[in-house]
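Asker: Take this structure first; my questions come after.
The values are calculated or read from the model by the stated rules, or taken from the named source; none is laboratory data. Remember, predicted model here, so these are calculated numbers, not experimental data. Here the Cβ is made from the backbone with ideal geometry for all residues, glycine too, and neighbour counts use every protein chain on show.
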Amino acid sequence: MIEVSKIMADIAKLRPIFHSEADFQHAFAWEVHQSSPDASIRLERPIQVNGHFIHLDIWIKHLDETVAVELKYKTHALSVEVGGEHYRLKSHSALDCGRHDFIRDIERLEHVAVGREGYVGYAVMLTNESGYWHKSTSHEAADAEFRIHSGRVLEGKLGWGPMTSDGTKYGRERPLTLQGKYEVEWTDFSHPGGATYGKFRSLIVKVS
């Protein structure tokens with residue numbers, strides 16, 4: 001069985017920080033290979049769902065289990081040296097779009113995994129941007145329904161607020177609809193250094 005939480009914990013011991021999302025994806029796939037060398041692993045695999053193709057970040061076939069994984073690596077600017085290697089992370093900002101896209105990953109994984117025997121999906125976010133895991137005091141924000149702070153429960157139809165700009169919604173106009181119910185729980189991942197944004201946390205949502 002592929003245990004994503006254990007894979008993330010093992011990755012953190014060797015790679016507490018990544019240069020990019022592609023770097024994170026490669027490290028994740030490599031750790032799966034190390035822990036389950038008989039598993040078949042594919043990156044950016046297209047799969048047809050309801051007449052449309054979905055490109056999944058990581059596709060794993062192991063024994064009788066098929067695992068689909070979508071990864072997000074959202075960063076705030078950080079410059080730090082770890083193990084003699086220098087990392088200069090950029091700020092992705094646009095947390096509203098980042099939250100939306102993570103929930104869209106869950107929706108996509110439901111299309112892949114729900115109702116299919118032997119299939120399971122995992123939406124994973126790794127970030128040093130505390131705005132993702134902290135609860136906002138504003139209930140009028142454009143992305144209020146897309147918040148993914150600790151303790152939030154994601155379910156049903158989720159959409160943008162009425163005052164959301166067309167620029168923010170561009171390419172993300174339709175509401176997202178979740179079949180399941182998911183409680184958000186963030187976990188400490190690493191603290192490679194840095195005064196303000198040196199702490200990374202991860203969020204793992206299982207879809208089955």
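Asker: Name the residues in the stretch 12-50 that are assigned to a helix (DSSP H, G or I), under 19 Å from Asp105 (Cβ atoms) and of a type in the set (A, V, I, L, M), would you?
Answerer: Ala22, Ala27, Ala29, Val32
Asker: When you scan the stretch 96-126, how many residues do you find that are part of a helix (DSSP H, G or I) and out of contact with any strand residue (DSSP E or B) (no Cβ under 8 Å at 6 or more places or on another chain)?
Answerer: Summing the residues that are part of a helix (DSSP H, G or I) and out of contact with any strand residue (DSSP E or B) (no Cβ under 8 Å at 6 or more places or on another chain) in the stretch 96-126 gives 3.
For every residue, the table says whether it meets (1) under 19 Å from Phe28 (Cβ atoms); (2) more than 16 Å from the chain's Cα centre (by Cα).
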| site | (1), (2) |
| --- | --- |
| Leu56 | yes, no |
| Thr66 | yes, yes |
| Glu81 | no, yes |
| Tyr119 | yes, yes |
| Glu129 | no, no |
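Asker: Under 9 Å between Cβ atoms, which residue pairs at least 6 apart in sequence (or on different chains) link something in the stretch 141-153 that is closer than 13 Å to Ile204 by Cα with a partner that is of a type in the set (S, T, N, Q) and part of a loop (DSSP other than H, G, I, E, B)?
Answerer: Every condition considered, the pairs that remain are His149/Ser136.
Asker: Now for a different question. Can you tell me which residue in the stretch 125-154 is modelled with the lowest pLDDT, limited to those that are buried (at least 18 other Cβ atoms within 10 Å of the Cβ), within 21 Å of Gly180 (Cβ to Cβ) and among the charged types (D, E, K, R)?
Answerer: Asp143
Asker: Out of the residues in the stretch 153-208 meeting the condition of being within 19 Å of the chain's Cα centre (by Cα) and of a type in the set (Val, Ile, Thr), tell me which one is nearest to Phe24 (Cα to Cα).
Answerer: Taking the candidates together, the pick is Ile204.
Asker: Also: Under the condition of being under 21 Å from Leu78 (Cα atoms) and among the polar types (S, T, N, Q), which residue from the stretch 2-46 is surrounded by the most Cβ atoms within 10 Å (Cβ to Cβ)?
Answerer: Gln25
Asker: Pull up the stretch 179-208, narrow it to residues that are among the polar types (S, T, N, Q) and surrounded by 18 or more Cβ atoms within 10 Å (Cβ to Cβ), then point me to the one that is farthest from Arg15 (Cα to Cα).
Answerer: Checking each candidate, the answer is Ser202.
Asker: Do the conditions hold for Lys157, that is, is it of a type in the set (Lys, Arg), in contact with a strand residue (DSSP E or B) (Cβ under 8 Å, 6 or more places away or on another chain) and either modelled with pLDDT of 95 or more or over 18 Å from Ser202 (Cβ atoms) (or both)?
Answerer: Criteria met by Lys157.
Asker: Does Leu176 satisfy being within 30 Å of His86 (Cα to Cα), surrounded by 15 or more Cβ atoms within 10 Å (Cβ to Cβ) and hydrophobic (A, V, I, L, M, F, W, C)?
Answerer: No, not satisfied.
Asker: Continuing with this model, one more query. Any chance you could count how many residues in the stretch 65-90 are surrounded by fewer than 13 Cβ atoms within 10 Å (Cβ to Cβ) and of a type in the set (S, T, N, Q)? Full working, then the answer.
Answerer: Of the residues in the stretch 65-90, the ones surrounded by fewer than 13 Cβ atoms within 10 Å (Cβ to Cβ) are 79, 81, 83-86, 88, 90.
Then drop every residue that is not of a type in the set (S, T, N, Q), which leaves 79.
Of the residues in the stretch 65-90, 1 are surrounded by fewer than 13 Cβ atoms within 10 Å (Cβ to Cβ) and of a type in the set (S, T, N, Q).
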